[in-house]
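Following: one structure in structure tokens, then a few remarks.
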Amino acid sequence: MTPRAEALESGLLKLEALFDHPLYNMPSPPVPEEDWLLKVKPKVKASEKSSQMWVSASQEAYEDVQWTSSSNTHPPWLRFHLGISRWQLYPHRDPNMEALTQQLATQRIVSAVQKSGGTQLKLVMSFPNYGQALFKPMKQERDDETNYNLYYFSDFERHNAEIAAFHLDRILGYRRVPPVVGRLVDVVKEIKDVTTDRKLARTFFTSPVGNLCFYGQCTYYCSTEHAVCGRPTNLEASLAVMLPDLSLATRRSWRSPWRRSYSRSKLAKWETESDYCSTVKKTPPYDKGTRLVDFIDMVILDFLMSNMDRHHYETFEKFGNNAFMLHLDNGRAFGRHSKDEPSILAPLEQCCRIRRSTWLRLRLLSLPQYRLSDVMRASLSQDPLHSVAPLLSEPHLAALDRRLKTVLET
């Protein structure tokens with residue numbers, strides 16, 4: 001066995017031991033009925049059935065759906081939606097996770113359309129069982145570091161950062177990032193040939209070296225200069241399972257109190273006022289409940305992966321102010337491994353508050369037998385794209401250990 005394979009096997013044992021640790025398996029009471037995000041409708045009368053049927057645009061592309069109220073007839077994406085509760089997106093040791101990630105990685109793509117909004121190209125992929133995933137393409141090589149002269153808001157989104165964020169969030173015990181999988185997509189068969197999006201279809205072209213490229217339409221990075229290209233048609237991408245439709249589960253967007261100014265010359269309030277946190281602690285929803293320590297959890301995740309681009313966060317409206325925060329849009333993380341960004345930790349430093357269980361898990365991850373870089377490397381090795389190349393380079397993994405030490409010292 002090579003030293004690399006040995007290190008990986010040792011890491012997998014550490015990951016297993018970590019997830020077996022009592023800190024990840026705290027007994028919790030049964031989830032009350034009102035704490036589930038969605039419920040299965042009671043049996044539908046025969047007279048109402050016609051309006052309940054799933055109708056597809058192309059009968060050939062989609063499967064004939066025969067779901068009942070029994071969960072074992074539900075496709076994995078629906079089981080995931082029905083498993084979302086007030087405090088997490090999925091449970092620790094979720095028995096559905098393997099089937100869900102397997103389908104994201106392998107299921108036939110029957111439709112690809114551009115997702116509106118945002119500064120960069122994103123697609124919504126649909127599968128025969130009516131599941132959907134958010135697609136983010138490979139923009140740069142794994143080892144490329146973000147240019148030092150670029151402002152964080154000008155950075156590219158990285159497909160491997162989305163995948164790594166899901167794994168890190170799970171290792172930290174949060175379970176607030178929707179499951180993400182890496183996939184090698186055929187630009188012709190799985191995007192160009194199946195898209196019904198005319199605007200997207202018009203942006204395909206062949207590059208001078210014969211690679212098939214496309215660029216879509218968006219605010220900043222959708223042009224021939226920023227095109228996404230296959231090699232010649234194979235394209236790496238991240239696929240994140242879509243959350244329930246907003247018509248079923250409304251989400252509320254909150255402006256981060258420690259939002260950056262997004263200006264090249266202006267500083268934000270928190271950068272000039274040392275007692276800024278005392279104001280935040282008096283302001284709803286941070287004045288009671290768990291929202292402030294939830295926010296600090298997210299800050300720690302962002303510092304570990306060096307994500308400066310967290311201007312808003314979301315919660316499910318159904319649960320009001322008393323619910324977990326979704327950790328979405330992590331594509332600008334893991335841009336630099338050689339530099340840490342201390343300003344991300346400002347909320348932790350200014351508020352000096354942390355959830356006890358988070359503190360204990362962070363200390364656990366600093367021990368040699370559960371070392372963060374080792375369990376992260378092992379976890380990422382289970383992603384399909386690992387066979388192409390490791391999703392995070394060794395300097396990025398080393399940076400995780402260094403940053404964890406800084407969090408504990410702070």
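Filtering LEU391, LEU360 for residues that are touching a helix residue (DSSP H, G or I) at 6+ places or on another chain (Cβ under 8 Å) and farther than 18 Å from HIS167 by Cβ leaves a single hit, LEU360. Within segment 7-19, can one find any residue that is modelled with pLDDT of 90 or more and surrounded by fewer than 10 Cβ atoms within 10 Å (Cβ to Cβ)? No, every residue in segment 7-19 fails to be modelled with pLDDT of 90 or more and surrounded by fewer than 10 Cβ atoms within 10 Å (Cβ to Cβ).
Where in segment 62-144 are the strands (runs of 3 or more DSSP E), entirely inside, with at least 3 residues that are touching a helix residue (DSSP H, G or I) at 6+ places or on another chain (Cβ under 8 Å) and polar (S, T, N, Q)?
Values: elements: 111-114, 123-126, 132-137.
Fully inside segment 62-144 and qualifying: nothing.
Out of SER247, SER238, SER253, one residue alone is open to solvent by 40 Å² or more (accessible area, probe 1.4 Å) and part of a strand (DSSP E or B). It is SER253.
Residues that are modelled with pLDDT of 95 or more, surrounded by 19 or more Cβ atoms within 10 Å (Cβ to Cβ) and assigned to a loop (DSSP other than H, G, I, E, B) do occur in segment 158-173, at least one of them. Taking segment 205-227 as the range and being among the hydrophobic types (A, V, I, L, M, F, W, C) and either assigned to a helix (DSSP H, G or I) or within 17 Å of MET138 (Cβ to Cβ) (or both) as the test, the residues that pass are VAL209, LEU212, CYS213, PHE214, CYS218, CYS222, ALA227. Does ARG403 fit the bill of being out of contact with any strand residue (DSSP E or B) (no Cβ under 8 Å at 6 or more places or on another chain), among the charged types (D, E, K, R) and outside any helix (DSSP H, G or I)? Answer is no for this residue.
Residue pairs whose Cβ atoms lie under 6 Å apart, separated by 6 or more positions or on different chains, with the first residue in segment 317-343 and farther than 14 Å from ALA164 by Cβ and without any contact (Cβ under 8 Å) to a residue 40 or more places away in the chain and the second open to solvent by 30 Å² or more (accessible area, probe 1.4 Å) and assigned to a loop (DSSP other than H, G, I, E, B), are GLU341/MET308.
Might you let me know whether segment 39-57 holds any residue that is outside any helix (DSSP H, G or I), in contact with a helix residue (DSSP H, G or I) (Cβ under 9 Å, 6 or more places away or on another chain) and modelled with pLDDT of 95 or more? Scanning segment 39-57 turns up no residue that is outside any helix (DSSP H, G or I), in contact with a helix residue (DSSP H, G or I) (Cβ under 9 Å, 6 or more places away or on another chain) and modelled with pLDDT of 95 or more.
Checked against (1) surrounded by fewer than 18 Cβ atoms within 10 Å (Cβ to Cβ); (2) modelled with pLDDT under 95; (3) not polar (S, T, N, Q), GLU349 passes all but condition (2).
All conditions but one from (1) of a type in the set (S, T, N, Q); (2) assigned to a loop (DSSP other than H, G, I, E, B); (3) touching a helix residue (DSSP H, G or I) at 6+ places or on another chain (Cβ under 9 Å) apply to THR196; the one that does not is (3). Would you mention how many residues in segment 355-372 are in contact with an Asp or Glu (Cβ under 9 Å, 6 or more places away or on another chain) and open to solvent by 10 Å² or more (accessible area, probe 1.4 Å)? So the answer is 4.
Can you name the residue in segment 373-390 that is buried (at least 21 other Cβ atoms within 10 Å of the Cβ), of a type outside the set (A, V, I, L, M, F, W, C) and out of contact with any Ser or Thr (no Cβ under 8 Å at 6 or more places or on another chain) and, of all such residues, is nearest to SER238 (Cα to Cα)? Give the derivation first.
Here is the first cut: in segment 373-390, the residues buried (at least 21 other Cβ atoms within 10 Å of the Cβ) are 374-380, 383, 385.
Within this subset, residues satisfying the condition of being of a type outside the set (A, V, I, L, M, F, W, C) are 374, 377, 379, 383.
Okay, now just the ones that are also out of contact with any Ser or Thr (no Cβ under 8 Å at 6 or more places or on another chain), so 377, 379, 383.
Details: ARG377: 17, SER379: 16, ASP383: 10 Å.
Restricting to residues being buried (at least 21 other Cβ atoms within 10 Å of the Cβ), of a type outside the set (A, V, I, L, M, F, W, C) and out of contact with any Ser or Thr (no Cβ under 8 Å at 6 or more places or on another chain), the top hit is ASP383.
When each of GLU98, GLU141, GLU145 is tested for being free of Cβ contacts under 8 Å to residues at least 40 places away in the same chain, open to solvent by 40 Å² or more (accessible area, probe 1.4 Å), among the charged types (D, E, K, R) and over 30 Å from GLU33 (Cα atoms), the lone residue that passes is GLU141. Among the residues of segment 192-217, those identified as open to solvent by 40 Å² or more (accessible area, probe 1.4 Å) and either modelled with pLDDT under 95 or of a type outside the set (Gly, Ala, Ser) (or both) are LYS192, ASP193, THR196, ARG198, LYS199, ARG202, PHE205, THR206, PRO208, VAL209, TYR215, GLN217. Can LYS189 be described as loosely packed, with under 15 Cβ neighbours inside 10 Å and either out of contact with any Cys (no Cβ under 9 Å at 6 or more places or on another chain) or part of a helix (DSSP H, G or I) (or both)? Taking the combined requirement at face value, the residue satisfies it.
The values are calculated or read from the model by the stated rules, or taken from the named source; none is laboratory data. Nothing here was measured: the structure is a model prediction, and the numbers come from that model. In this analysis, Cβ positions are derived from the backbone assuming ideal geometry, glycine residues included, and neighbour counts consider all displayed protein chains. When the accessible area is computed, the model is the full protein with side chains, heavy atoms only, and any ligands, DNA or RNA have been set aside. Shrake-Rupley method; radii C 1.70, N 1.55, O 1.52, S 1.80 Å.
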